[in-house]
Structures are given as C-alpha cells and as structure tokens.
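Structure record follows, encoded as structure tokens.
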Amino acid sequence: MRPRKPRLPFANAWFFPAAALYAALLLPWSVLTLLGLVPALPGLATSAGHAHEMLFGFALAVVTGYLLGPQRLGLTLALLTCWCLARLGFLLWPGSWLALASAAVFAAGLCWKVLPRFLGAAKKWRNQTVAPVVAGLSLLSALTSGGFGAGYDRLMTEEALLLIATLMFFMGGRIIAPAIAGYAQSKGWRLDARVQPHIEGAVLILLGAALLLNVMPWPLTQQLTGALLVAASALTAVRLLRWQPWRCTRMDLLILLLGYAWLATGLLLLGLGTLLKTLPLNATLHALSVGALGSLTFAVMARTRLIYRFRDPAVLPWLQAGALLISLAALARVLPALLNQPLQGWLLLAAGCWSLAFLALALLLWRCRDAHSDSPRHVPDR
C-alpha cells in the first residue's frame, strides 16, 4: 500500500490573514488622509484610490484565498508576493509599471488556477458564472492598477462592485444554505428552501444584465439598470427570508445572514441611486462595500479557518460577535450620507469599528494559518 500523500496547504491560510490585516490598516489610513490628519499616500489621495484598494486589494485577496483551495506552498507564496507588490505599487506609484506588472501577473495566476475548475468541471450554468466574474475582476484589477480607464473611475468602481456583489450572492448562498439546513436538522426541524435554484438563476441573470447595461451612457439603459438592481435586491431578500433567519440562534450563522441582508440592502440602494440621482453615492456604494462585503468576508474567513482548525465554526462566539462592529461601521457611513449630516465624526467611528473587527480577525487567522492537517486541534473553552 502506498503511503497517502500529505495534504497541500490551503491558500487561505496565507491570503486570509493578509487580507484581514490589510483591511484593518487600509480604511483608517484612508479616512485619516481624507480628514488631513496623516500624509496622503499617492494611491489613496482620491476616493477612487480608496475604492480600488477595497475592491482589488482587500476583496480580491479574500476571493483568491477562498477559491484557490489547497495549493503548493511555493505557488501560494508567489501569488501572495505579487499581490503585495501590486499593493505597494498602487499605494506609492499608482499607474506605474510595478503596479501594472504585479497586478497583471497576480490576475493571470488567479485565472490560471480558478477558471478551469468552473468552466470545465461545472455542469450547471449557474456554477459556471464564477469564471467570467473572476475573469472580469482580474481584468479590471490589472487595467486600473496600470492607470487605464482614467476618467471612468466611477464606472469602473460600479462594475467591480457589481461583479463582487454577484460573487457574494452566489458564494454566500452556497455557504449559507447547507449551513442553515444542517443547523435546522440538529434542532429537529427541516429547511425545505435551500439553494433555491430558480431564484439564484434569476438574480444571476439580472445582475449580468445590469453589468452590461451599466456601461452604456444612455438614460434609458441607466433606468433599466436601476430597475434590474431593485428586482435583484427583492429576490435576494426573498431568498434570505425563505431560510427562516428568525429561527437561528447561532452567532456564526446570524453574521452570515446579516451580511446577506446587507447585500439585499446595498443592491436596493444602488438601484435606487441609479434611478434617482438625488441619492448620495456614499450611501449607495458603502452599503455594499462596507456592509455586505465587510460582513460576508469577515464571516466567511472566520468560519473557514475555524472549521479547519477546530471542526466547529461556532467555537469562538466572541469573534463572530465582533462582526457586529462592521455593521456599525456601515451604518456610520450610510445613514449620515442619507440624512445629509456632517461626516467627520462618523468617518472616525466607521474606521475605528472596521479596523478593530478586522484586526481581531487577522490575529486569529494568523494563529490558525497551519490548520490544514487531518486531525482537529484542541477546542478552547467557550
């Protein structure tokens, strides 16, 4: 009998701590720069630079860690090095060859490893949608890092955010549905509405159409884009309600459901902001970027590593409760913008809550980075 080959380490053991630490440092520096309290890094001198690093720095690192799965350590570290160089290049020399080359190599490596798994192996078209979404994010990451598309910053941000929203809707649903179903079974009740393929397919089509229409400059296509996003929000909310969140009492599941609720809210605000230009951009974008993206990435990173380490995603409820700080940060960015209130104090509150949550997560993820063996670790006292 041949000895079993050692299991390859998961890429998220390295990418998740890096992403969480970057999130903890990026937002406060960006906010302090906006308020004139610290020197401005060239890449963060504008709101477009801040959005770029939130989406292509932080979010793309989480996506990479989650989708790569087990990989050779050398490959994982090579991609992580490219990601770090891309961050350094964009922050200090945006539009430089360093920023462009490192972002392009990172994007190419991600596509090389991820796209064949969804284009070749996936049989259902809904599963195959991950491939064009990842390809689109990778392409936008390389283009914007190299300074291409200057003058279309808002359009690029909206397109990237819609791609990430599509990924959050799809992957979030595939994580939440079996998790809630397993919880229901353990509590003696049955969850009939799980993946809900008809709703999933409809929302993917709506978001895909919105992505295409959003790049067209005509008023009618903008109105159609807004209507599609509102419809996608409504169906996302229906899907969420059919999971019966009021019957869940476990913190790790509640945080996932809260993130999905932020996704529905963010799509609604973005759709209404497209239909009604009077809605402030800060509110429409931050509901998705801080509320949905922050909550879901926090919950997925914590859940993934806690399962690998302890075989129990609910083992550290205090950490999951820390994700509530992210919702507070989102409210501090959305409500003042909607109510036309002064932003300075709210900005500091949002940055503090966000950073505290992700710093705690980064410390835990770094401690759990080697958890890829077959034997579960000791479960700490709760």
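Determine the calculated [θ] at 222 nm for the chain from helices alone, applying -39500 (n - 2.57) to every DSSP H run no shorter than 4 residues and normalising by the residue count; nearest 500 deg cm²/dmol.
On the way: 16 runs with 272 residues, N = 382.
Taking each H run of at least 4 residues, the total per residue is -24000 deg cm²/dmol.
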Label-point gap, in nm, between Trp189 and Arg174 - each point 7 angstrom along Cα→Cβ:
2.8 nm
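Can you tell me the accessible area per residue over the chain, all protein chains present, probe 1.4 angstrom, in square angstrom? Don't skip to the answer; put the middle values down first.
Working: 16800 Å² over 382 residues.
Heavy-atom accessible area per residue stands at 44 Å².
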With all protein chains present, how much of the accessible area of the chain (probe radius 1.4 Å) comes from carbon and sulfur, to the nearest whole percent?
69 percent
Simple spin-label model, 7 Å along Cα-to-Cβ: Leu139 to Leu220 in nm?
2.6 nm
Could you calculate, for the chain, the ratio of the Cα radius of gyration to the Kirkwood radius, expressed as Rg to Rh?
0.95
In a solvent-free Debye calculation with one equal scatterer on each Cα, what is log10 I(q)/I(0) for region 260-358 at q = 0.16, 0.22 Å⁻¹, listed in the order of the q values?
-0.68, -1.04
What are the principal axis extents of the Cα atoms in region 81-225, in Å, biggest first?
58, 43, 28
FRET E, pair Asp312, Leu25, Förster distance 22 Å, beta-carbon r, rounded to 0.05:
0.15
Hey, any idea what Rg/Rh is for region 129-190, computing Rh the Kirkwood way over Cα pairs?
1.27
Mean shadow area of region 53-160, taken as a quarter of the surface of its Cα convex hull (nm²):
6.7 nm²
Considering only C-alpha atoms, what is the centroid distance from region 6-61 to region 153-190, in Å?
22 Å
Rounded to the nearest 0.05, what FRET efficiency is calculated for Leu212 and Trp125 with R0 set to 22 Å and r the Cβ-Cβ distance?
0.85
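The values are calculated or read from the model by the stated rules, or taken from the named source; none is laboratory data. These numbers come from a predicted model, not from an experiment. For neighbour counting, all protein chains shown are included, and Cβ atoms are generated from backbone atoms with ideal geometry for every residue, glycine included. These accessible areas exclude ligands, DNA and RNA; they are computed on the full protein's heavy atoms, side chains included. Shrake-Rupley method; radii C 1.70, N 1.55, O 1.52, S 1.80 Å.
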